[in-house]
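The values are calculated or read from the model by the stated rules, or taken from the named source; none is laboratory data. All figures in this text were calculated on a predicted structure; none of them were measured in a lab. Ideal geometry is used to build each Cβ from the backbone, glycine not excepted, and the neighbour counts take in all protein chains shown. Surface accessibility is based on the protein's heavy atoms, side chains included, excluding ligands, DNA and RNA. Shrake-Rupley method; radii C 1.70, N 1.55, O 1.52, S 1.80 Å.
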Amino acid sequence: MTAFGISILHAAGLITGQAAGLSFVIAYATGLDFGPVFFVVNLPFYALALARIGWRFTAKSLLAVTSISVLTTLAPHAIRYDALHPYVAAVLAGFCIGIGVIGLFRHGSSGGGVGILAFYIQEKTGFRAGWLQAMFDVVIFAMAVFVIDAKAVLASMLGAAVLNAFVAFNHRTDWYVAR
């Protein structure tokens, strides 16, 4: 679901927040492919995951990030998005990515980057992961104005708001029955 949402954003020329957003900004600014950039951007966060959360979480997160990187690279060869309205694409992608993020969190992993940091802080302090991610997103969108047009930034902000609100509302440990 996360890779599908990211592929929608990419096809519409949009971004998201978090490490994926940083990866989009770098990819758009340099012309590099999103998948490998996303993989590399996430590498420093594994030290935190390993030191603070554990091997199991780190391994699952590495597998998730690798899968997202590969699937987003392959998606344009398998799926065509000929007519995407930017705001519809942003909202749909926000929900898709949010579903994927929640699934990863609920199974003890993350889609990488800020998700790892957010998962750790929520587990330790109770501060909602979605709100921490929203704060990071402000920085990402400030950078995005230099690589995509203002309308795309606005549509992207809507998608990120949907994603972060979805995660903030739904990532609650008291709802998890698998623990």
For this session: Pairs only if they're at least six apart or on different chains, beta carbon under 9 angstrom, first in region 110-137 and closer than 17 Å to Gly54 by Cβ, second surrounded by fewer than 20 Cβ atoms within 10 Å (Cβ to Cβ) and of a type in the set (S, T, N, Q); list them, first residue then second.
Result: Gln122/Thr173; Glu123/Thr173
Exercise. Inside region 107-175, counting only helices (runs of 4 or more DSSP H) that do not spill past its ends, which hold 3 or more residues that are under 22 Å from Met1 (Cβ atoms) and polar (S, T, N, Q)?
Worked result: 150-170
Problem set entry | Check on Phe45, open to solvent by 50 Å² or more (accessible area, probe 1.4 Å), touching a residue at least 60 places away in the same chain (Cβ under 8 Å) and within 12 Å of the chain's Cα centre (by Cα) | no
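Give region 103-124 a look and list any residue that's of a type in the set (A, V, I, L, M, F, W, C) and either out of contact with any Phe, Trp or Tyr (no Cβ under 8 Å at 6 or more places or on another chain) or surrounded by fewer than 20 Cβ atoms within 10 Å (Cβ to Cβ) (or both), or say none. So that I can check it myself, show each step before the final result.
Just the residues of region 103-124 that are of a type in the set (A, V, I, L, M, F, W, C), to begin with: 104-105, 114, 116-119, 121.
Once the filter is applied, which keeps residues that are of a type in the set (A, V, I, L, M, F, W, C) and either out of contact with any Phe, Trp or Tyr (no Cβ under 8 Å at 6 or more places or on another chain) or surrounded by fewer than 20 Cβ atoms within 10 Å (Cβ to Cβ) (or both), region 103-124 yields Leu104, Ala118, Ile121.
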For this session: Six or more apart or on different chains, Cβ under 7 Å: which pairs go from a residue in region 17-28 that's free of Cβ contacts under 8 Å to residues at least 60 places away in the same chain and open to solvent by less than 10 Å² (accessible area, probe 1.4 Å) to one that's among the β-branched types (Val, Ile, Thr) and part of a helix (DSSP H, G or I)? Could you list them?
Result: Ser23/Val37; Ser23/Val41; Ala27/Val37
Problem set entry | Options Phe38, Phe4; residue that is crowded, with 23+ Cβ neighbours inside 10 Å and either over 15 Å from Ala75 (Cα atoms) or in contact (Cβ under 8 Å) with a residue 12 or more places away in the chain (or both) | Phe38
Seminar exercise, completed: Taking region 90-120 and keeping only residues that are in contact with a helix residue (DSSP H, G or I) (Cβ under 6 Å, 6 or more places away or on another chain) and of a type in the set (Val, Ile, Thr), one is left with Val91, Ile97, Val101, Ile102, Val114, Ile116
Exercise. So Leu84 fits all but one of (1) open to solvent by 20 Å² or more (accessible area, probe 1.4 Å); (2) touching a residue at least 12 places away in the same chain (Cβ under 8 Å); (3) in a helix (DSSP H, G or I); what number is the exception?
Worked result: (3)
